[in-house]
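Only one structure is covered here, and it is reproduced in the block below.
The values are calculated or read from the model by the stated rules, or taken from the named source; none is laboratory data. What you are looking at is a predicted structure, and each value in this text was computed from that prediction instead of being measured. Heads up, the Cβs are rebuilt from the backbone with ideal geometry, glycines too, and the neighbour counts pull from every protein chain shown.
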Amino acid sequence: MSKAVKALVTQELKSRYAGTTSACVVALTGMDVQAQEKLRRSLRAKAAKLEVVKNSLARHAFKGGPLEGIGNNLEGPCALVTSSQSLIDVAKLLVEAAKEFTQLKLKHAVFDGDPTPITVEQLSKMRGRQELLAELAMLLASPGRALAGCIGGAQARIAGCIKTLADRAEPQAT
């Protein structure tokens, strides 16, 4: 590949991944075409895409950007997995896919612009956006629920005491 072509490809990679702050790296060596297509279909269902990149060109393209940490660790045949939605959900899918496709090797990832690479397995163990929103909603609702329980509990006890006093005060018919 000539220097001019390399420069064009590097520029294309740089523009394609300009807004990307999270990505996973996997190795597809040994996977047949049918298995790769099945993996790509399952990734598309999560709004993710898998692209094989040339390591040296990707390193140059990612330099100075949020994916620089991943670019520095590219070695061997690699494919880059990115998503327009939650990369944590994609990492969970990749871990499950690695059980089905033994040739799929999970390498490393960068998440949310943090330049320090982590393993795909570590990323898959993080809580996703939906889980965090559900936990936040529960935490926001818990003081109100506790207050309602306290108020309702006191009212129920007072009502029970008044009913007991009323039952004792009524004259009994003989």
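Just for the stretch 44-66: of the residues that are without any contact (Cβ under 8 Å) to a residue 12 or more places away in the chain and over 28 Å from VAL33 (Cα atoms), which one is surrounded by the most Cβ atoms within 10 Å (Cβ to Cβ)?
Filtering the stretch 44-66 for residues that are without any contact (Cβ under 8 Å) to a residue 12 or more places away in the chain and over 28 Å from VAL33 (Cα atoms), the one surrounded by the most Cβ atoms within 10 Å (Cβ to Cβ) comes out as LYS63.
Is it true that LEU147 is over 25 Å from LEU67 (Cβ atoms), modelled with pLDDT under 80 and surrounded by 10 or more Cβ atoms within 10 Å (Cβ to Cβ)?
yes
Is the stretch 129-136 home to any residue that is within 28 Å of the chain's Cα centre (by Cα), modelled with pLDDT under 80 and hydrophobic (A, V, I, L, M, F, W, C)?
yes
Listed here are the residues, each with its yes/no results for (1) of a type in the set (D, E, K, R); (2) within 17 Å of the chain's Cα centre (by Cα); (3) modelled with pLDDT under 90; (4) over 25 Å from LYS125 (Cβ atoms).
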| residue | (1), (2), (3), (4) |
| --- | --- |
| VAL5 | no, no, yes, yes |
| SER15 | no, no, yes, yes |
| ALA18 | no, no, yes, yes |
| THR21 | no, yes, yes, no |
| VAL26 | no, yes, no, no |
| LYS38 | yes, no, no, no |
| SER56 | no, no, yes, yes |
| GLY69 | no, no, yes, no |
| LEU80 | no, yes, no, no |
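Looking only at the stretch 53-91, how many residues end up being under 17 Å from LYS14 (Cα atoms), part of a helix (DSSP H, G or I) and of a type in the set (Val, Ile, Thr)?
Of the residues in the stretch 53-91, 1 are under 17 Å from LYS14 (Cα atoms), part of a helix (DSSP H, G or I) and of a type in the set (Val, Ile, Thr).
What's the number of the condition VAL25 fails, among (1) of a type outside the set (Phe, Trp, Tyr); (2) at positive phi; (3) in contact with a His (Cβ under 6 Å, 6 or more places away or on another chain)?
(2)
So VAL5 passes all but one of these: (1) touching a residue at least 40 places away in the same chain (Cβ under 8 Å); (2) surrounded by fewer than 16 Cβ atoms within 10 Å (Cβ to Cβ); (3) part of a helix (DSSP H, G or I); (4) among the aliphatic types (A, V, I, L, M). Which condition number does it fail?
Here VAL5 clears every test but (1).
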